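Accompanying notes for the structure given below.
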Amino acid sequence: MREKVLYDAPKMSFHARIDSKYHQTQNHNTPTVRLCDEYIYELWQSWYDKVDVGDSLVKKKGELQVIVFKHNGMIVILDYKELVKGFKE
């Protein structure tokens with residue numbers, strides 16, 4: 001699982017404000033955000049409470065971090081490398 005996440009994450013790219021936040025009941029209750037450009041981003045459960053409607057998400061292709069620009073001016077970094085440290089082998 002760790003290798004798959006680290007392989008897939010760099011392929012993504014987006015830069016937009018969060019328009020809505022919900023759990024996909026039809027997809028195992030997956031935590032999800034919809035960006036204002038209509039991009040759908042499925043979050044890891046541990047990241048879901050760190051983002052809010054109105055925050056902006058930036059994920060550059062080739063990188064392993066999602067930068068969250070909070071609507072209150074703070075910046076939060078969601079790092080895939082840190083995320084997979086908690087994965088069981």
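Please list, in order along region 21-34, the HN-Hα scalar couplings obtained from phi with the Karplus expression 6.51 cos²θ - 1.76 cosθ + 1.60 (θ = phi - 60°), rounded to whole Hz, x for Gly and Pro.
These are the phi-based 3J(HN,Hα) values: 9, 6, 10, 7, 5, 7, 10, 6, 6, 5, x, 9, 10, 10 Hz.
Checking the cross-link filter: which aspartates and glutamates have an alpha carbon closer than 17 Å to that of Lys88, excluding same-chain neighbours under 8 positions apart?
Result set, ordered by chain and number: Glu3.
On full extension of the chain, what length is gained from Ile77 through Gln26, given 0.36 nm per residue of separation minus the C-alpha to C-alpha distance?
Numbers: separation 51, 0.36 × 51 = 18.36 nm, distance 2.86 nm.
Working it through step by step, the gained length comes to 15.5 nm.
Which residue, Val33, Val51, Val76, tops the fluctuation ranking in a GNM of the chain built on C-alpha contacts under 10 Å?
Val76
Would you grab the residues whose amide H sits under 5 Å from the one on Asp55? Only those 5+ places off in sequence or on another chain, please, with H modelled 1.01 Å from N.
Amide H neighbours of Asp55: Ile18, His71.
Calculate for the chain the 222 nm mean residue ellipticity that helices alone would give, adding -39,500 (n - 2.57) per DSSP H run of length 4 or more and normalising by residue count, nearest 500 deg cm²/dmol. Could the numbers behind the result be given before it?
Values: 3 runs with 17 residues, N = 89.
Taken over the chain, the calculation gives -4000 deg cm²/dmol.
So how strong a dipole does the chain carry about its Cα centre when Lys and Arg Cβ are +1 and Asp and Glu Cβ are -1, to the nearest 20 debye? Don't skip to the answer; put the middle values down first.
On the way: 14 positive and 13 negative charges, 37 e Å.
Here the size comes out at about 180 debye.
Bear in mind that the values in this text are calculations on the coordinates, not laboratory data. Predicted model only: the values in this text are computed from it and were never measured. Reconstructed Cβ throughout: ideal geometry from the backbone, glycine too, with neighbour counts over all protein chains shown.
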